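The values are calculated or read from the model by the stated rules, or taken from the named source; none is laboratory data. Everything numeric here is computed off the predicted structure, so don't read it as measured data. FYI the Cβ positions are ideal-geometry reconstructions off the backbone, even for glycines, and counts take in every protein chain you see. Calculation scope for accessible area: heavy atoms of the full protein, side chains included, ligands and nucleic acids excluded. Shrake-Rupley method; radii C 1.70, N 1.55, O 1.52, S 1.80 Å.
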Amino acid sequence: MEPGPDDDAAEPITALSLPGQLIIAVAIAAVAVAAAIHLSAAFLNVSPPNTVTKRHGAAIDDYIYPEFERVWKLFAPNPLQQNIAVQARAEIRTPDGGTATTGWRDLSAQDGAAIRHNPLPSHTQQNELRRAWELYVGSHDARERPQGMRGSLSEQYIRRIVMLRLGREEDGGAVERIQVRSATTAVAPPDWSDEKTDIRTVYRTLPWWTVTTDDLPEAKRR
């Protein structure tokens with residue numbers, strides 16, 4: 001009896017030694033378990049409060065935030081009607097031992113330039129800075145005081161993103177402190193609309209943050 005197509009496809013696996021088959025089986029099982037854990041955590045994160053989330057909510061949040069957080073504002077009753085740009089500047093130590101402050105660098109504009117005319121923009125360019133800022137705003141009060149563990153985490157996340165963009169040196173000097181602000185401008189109504197909207201830019205400026213070794217890109221590899 002001649003072997004069928006399915007037999008030919010299965011032959012490479014069955015031809016492996018027993019240890020090889022065991023390794024493949026363990027790898028498949030590990031991937032399946034990891035996928036099940038991820039999907040379960042993502043589901044529980046957006047599901048209504050229940051027994052599991054009440055008992056393990058902190059662990060679920062630690063896994064989800066900030067990398068896997070989702071945003072539903074596109075489908076919300078009030079979708080975003082503002083352009084929000086995140087900007088940063090640095091206080092540097094100049095070669096002669098003095099200090100100087102750089103101008104504001106528009107980090108959102110850098111992402112926009114990288115995305116524009118790019119048919120396959122990266123997830124980082126589209127979402128990293130935007131979601132980091134939303135996480136910060138959602139976990140701080142009007143006086144920039146962090147609310148809970150997510151507040152402190154969001155500050156560290158913002159600092160690392162800024163230092164990744166600026167680098168250890170900026171304008172010929174070593175970066176010692178950084179400051180971040182947002183520039184929010186309402187989207188102007190269309191020409192045919194009678195709606196009146198104030199399109200002046202409003203700034204939210206955060207306090208100066210001292211840069212530590214944990215804020216540098218090299219900290220990820222330690």
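Suppose we filter segment 41-53 for residues that are more than 21 Å from the chain's Cα centre (by Cα) and either closer than 15 Å to residue 69 by Cα or in a helix (DSSP H, G or I) (or both); how many remain?
Restricting attention to segment 41-53, the residues satisfying the condition of being more than 21 Å from the chain's Cα centre (by Cα) are 47-53.
Add one more test, that the residue is either closer than 15 Å to residue 69 by Cα or in a helix (DSSP H, G or I) (or both), and what stays is 47, 51-53.
Total satisfying the criteria: 4.
Considering only residues that are of a type in the set (Phe, Trp, Tyr) and either loosely packed, with under 14 Cβ neighbours inside 10 Å or in contact with a Cys (Cβ under 8 Å, 6 or more places away or on another chain) (or both), which ones fall in segment 169-218? Working first, answer last.
Going residue by residue through segment 169-218, those that are of a type in the set (Phe, Trp, Tyr) are 192, 203, 208-209.
Once the filter is applied, which keeps residues that are of a type in the set (Phe, Trp, Tyr) and either loosely packed, with under 14 Cβ neighbours inside 10 Å or in contact with a Cys (Cβ under 8 Å, 6 or more places away or on another chain) (or both), segment 169-218 yields 192, 203.
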* Within the group 198, 141, which residue is of a type in the set (Asp, Glu) and either touching a strand residue (DSSP E or B) at 6+ places or on another chain (Cβ under 6 Å) or under 30 Å from residue 58 (Cα atoms) (or both)? -> 141
* Structure fact -> Residue pairs qualifying under the 8 Å Cβ cut-off, at least six apart or on distinct chains, with the first in segment 131-151 being within 18 Å of residue 85 (Cα to Cα) and the second being of a type in the set (Asp, Glu) and not in a helix (DSSP H, G or I), are 131/69; 135/69
* Exactly one of (1) open to solvent by 80 Å² or more (accessible area, probe 1.4 Å); (2) out of contact with any Ser or Thr (no Cβ under 8 Å at 6 or more places or on another chain); (3) assigned to a helix (DSSP H, G or I); (4) over 20 Å from residue 62 (Cβ atoms) is unmet by residue 149. Its number? -> (4)
* Structure fact -> Within segment 132-171, residues of a type in the set (Lys, Arg) and touching a Phe, Trp or Tyr at 6+ places or on another chain (Cβ under 9 Å) come out as 150, 159
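Open to solvent by 50 Å² or more (accessible area, probe 1.4 Å), under 17 Å from the mean Cα position of the chain (by Cα) and closer than 27 Å to residue 61 by Cα: which single residue out of 159, 130 fits that description? Steps first, answer last, please.
Working: 159 fails: open to solvent by 50 Å² or more (accessible area, probe 1.4 Å).
Only one candidate qualifies: 130.
Count, please, the residues in segment 97-133 that happen to be closer than 16 Å to residue 179 by Cβ and assigned to a loop (DSSP other than H, G, I, E, B). Steps first, answer last, please.
Going residue by residue through segment 97-133, those that are closer than 16 Å to residue 179 by Cβ are 99-108, 129, 132-133.
Still in the list and also assigned to a loop (DSSP other than H, G, I, E, B): 102-104.
Selection size over segment 97-133: 3.
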* Considering every residue within segment 81-95, establish whether at least one is without any contact (Cβ under 8 Å) to a residue 60 or more places away in the chain and loosely packed, with under 12 Cβ neighbours inside 10 Å. => no
